[in-house]
Amino acid sequence: MLVSLDTQCSVWRGTLKKLVLMLLVLVASNATAYTEEAKDPLKKLETLAERGHAESAFLLGSIYYNGDGVVVNFPLALKWLRKAADANHAGAQFLLGLMYAEGHGVRRNLDTTVKWFDKATRKQVRHN
């Protein structure tokens, strides 16, 4: 019994469509799971940062500045980096200087850039 070429192509097209749909569902569910997993550690970091843990505030600021697992959010980056920088975190001071140098989320300001870079390097010089 011979099956026409049109019938075979139709069957393969249907199978291929089902396979593509299954892959899309799998990818979408994985992306949703990743997003949910990412929220939990961010909440933990946020809780620690709100309690004054400078390293947690720096990490949050860096995450929002770079868009690591989240959408880039310069206002949140600025909030957390300032909190860490005010607690003398050199990395946060440097990244704040970079934000002011490049105008990311703030108006470019050379004086403020120099102020934050100076604080960051002075802290490093004292510890070395």
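Please work out how many pairs of lysine residues in region 40-127 are eight or more positions apart (or on different chains) and have Cα atoms closer than 26 angstrom.
Lysine pair count for region 40-127: 11.
So what are the three principal axis dimensions of region 47-92 from its Cα atoms, in whole Å, longest to shortest?
The principal-axis extents, from largest down, are 25, 20, 14 Å.
Can you tell me the convex hull volume per residue for region 40-127, based on C-alpha atoms, in Å³ to the nearest whole number? Don't skip to the end; give the middle numbers.
Details: hull volume 7.0 nm³, N = 88.
Each residue corresponds to 79 Å³ of Cα convex hull volume.
Mind giving me the nanometre distance, one decimal, between the label points for Arg51 and Asn66, set 7 Å out from Cα along Cα→Cβ?
Between Arg51 and Asn66, the label points sit 2.5 nm apart.
Pull out the extension gain between Arg122 and Arg107, defined as 0.36 nm times the separation in residues minus the alpha carbon to alpha carbon distance; nm, one decimal. List each step's numbers first, then the result.
On the way: separation 15, 0.36 × 15 = 5.40 nm, distance 2.44 nm.
Taking 0.36 nm per residue and subtracting the Cα distance, the gain is 3.0 nm.
Taken together, the values in this text are just the output of simple stated rules run on the coordinates, not laboratory data. This is a predicted model, so every value here is computed, not measured. So basically every Cβ, Gly included, is an ideal-geometry build from the backbone, and we count neighbours across all protein chains shown.
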